[in-house]
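Remarks on the structure that follows.
The values are calculated or read from the model by the stated rules, or taken from the named source; none is laboratory data. Just so you know, these numbers come straight off a predicted model, no measurement behind them. Using ideal geometry, Cβ is built from the backbone for each residue, glycine included, and neighbour counts are taken over all protein chains shown.
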Amino acid sequence: MLSQDQARQRVFEEINRTCPVKDDYLDIIDALTVERPYGWFFMFDCHKLIETGNPVYSQIVGNVPIFVDRETGQLHEIAWKRSLEESVRAYETLRGADARAMDGKVDGDGKKDANY
C-alpha cells in the first residue's frame, strides 16, 4: 500500500518522463490534490507557472489529472472531457462494481473508454 508521498513521487517522475518541458519541469499542484480512501487524484502544471501564476510560463496544453490507486500503485490519466468531480464519481461507481476487474478505463456511462 502506498503513502501519499510515494504516490506523489510516482506521478512527479511519470509526468516529467513523458512530458518534458523546455527550461522548466512539471510539478504537482498540492492544493488541488484530492484524497480518497482508495487513492489520490493529482493535478499538475509547469513549475514556474505554479510558482509565479504568470501565464507566460504555461507550456503544456491538455494536461489531465493523474489518479494513483493506493493498493496497486497504478497510475491512470483522468478524462479531459469531464470535471474532476465527475471522474471521481465515475471511478467510485465502478469501484463499487469491482473496478479493478475492469481491463482499461471507463467513461461516465460505465462503458470502456480511454479515460475515467
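Looking across segment 51-92 at every residue that is of a type in the set (S, T, N, Q) and over 22 Å from residue 1 (Cα atoms), the one that is surrounded by the most Cβ atoms within 10 Å (Cβ to Cβ) is identified as 87.
Which of the residues spanning segment 93-109 are over 19 Å from residue 2 (Cβ atoms) and at pLDDT below 75? Show your work before the answer.
Kept after step one, since they are over 19 Å from residue 2 (Cβ atoms), are these residues of segment 93-109: 93-94, 96-98, 101-109.
Within segment 93-109, 96, 97, 98, 101, 102, 103, 104, 105, 106, 107, 108, 109 meet the criteria.
Scanning segment 1-31 for residues that are aliphatic (A, V, I, L, M) and either in contact (Cβ under 8 Å) with a residue 40 or more places away in the chain or at positive phi (or both) gives 1, 2, 7, 11, 15.
Among the residues of segment 31-50 satisfying the criterion of being exposed (fewer than 13 other Cβ atoms within 10 Å of the Cβ) and under 15 Å from the mean Cα position of the chain (by Cα), which is farthest from residue 87 (Cα to Cα)? Reasoning before the result, please.
Step one: filter segment 31-50 for residues exposed (fewer than 13 other Cβ atoms within 10 Å of the Cβ), giving 31, 35, 37.
Now narrow it down to the ones that are under 15 Å from the mean Cα position of the chain (by Cα): 31, 35.
Working: 31: 18, 35: 13 Å.
Out of the qualifying residues, it is 31.
So which residues in segment 52-76 are out of contact with any Phe, Trp or Tyr (no Cβ under 8 Å at 6 or more places or on another chain) and closer than 21 Å to residue 17 by Cα, if there are any at all? Passing the criteria: 57, 58, 59, 60, 61, 72, 73, 74.
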